[in-house]
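Let me begin by presenting the structure, written as structure tokens, before commenting on it.
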Amino acid sequence: MTSLSLTNPEREEAFYSDRRKWLLIGPGLLAALVLCVYGCARAVQRGAREAYVMANDFHAAMARQDWDGIYDQADPGYQSAVSRQDSSQMFSGIARKLGSPLNCKQGGTIVSANTSGNTIETECETQFSSGANATETFVWRKSLTQYRLFGYHITSAALLTK
């Protein structure tokens, strides 16, 4: 039977050799981790700003009752899920019951980057000209170089009672 063992000086050398490797590699790994966290934080911050601007642009189109403009600027995924007529009816119904959007207080924002594309999901507490409040959820998907409306959801008690 053959066995392999290291003597104390050999063990000590192996220990210090591994330690030296980690002393060289460790700071590099730590720097890479810090850069990754910083990059992700910047992407989320930038995504939240972009989502707020896009929501305000969307609200401006709603105030103009530019239903065709909203549909034409939407992501192809939105257009394949909702017909132009259904989209126009939905937004005109919202305008009829709630009025025009006045302001948007941005809530949570989720920025995702994966193999199916980049998306930003953001929530807004929106006040409308009728005095009603609503929670809107926007999903924006990146198409080539710009984000486009991919999904829209609104929750308001006034939609049920008016």
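Values in this text are rule-based calculations from the coordinates and carry no lab data. In this text the structure is predicted, and so the values were computed from the model without any measurement. Here the Cβ positions follow ideal geometry from the backbone for every residue, glycine too, while neighbour counts run over all protein chains shown.
General remarks:
- Measuring between their Cα centroids, segment 123-146 and segment 71-121 lie 7 Å from each other.
- For segment 76-141: rounded, prolate or oblate by the Cα gyration tensor [a/c cutoff 1.5]: oblate
- If the chain linking A113 and T161 were pulled fully straight, counting 0.36 nm for each residue of separation and taking away their Cα-Cα distance, it would gain 13.4 nm.
- Within-13-Å neighbourhood charge of C124 [Cβ basis; K, R +1; D, E -1]: -4
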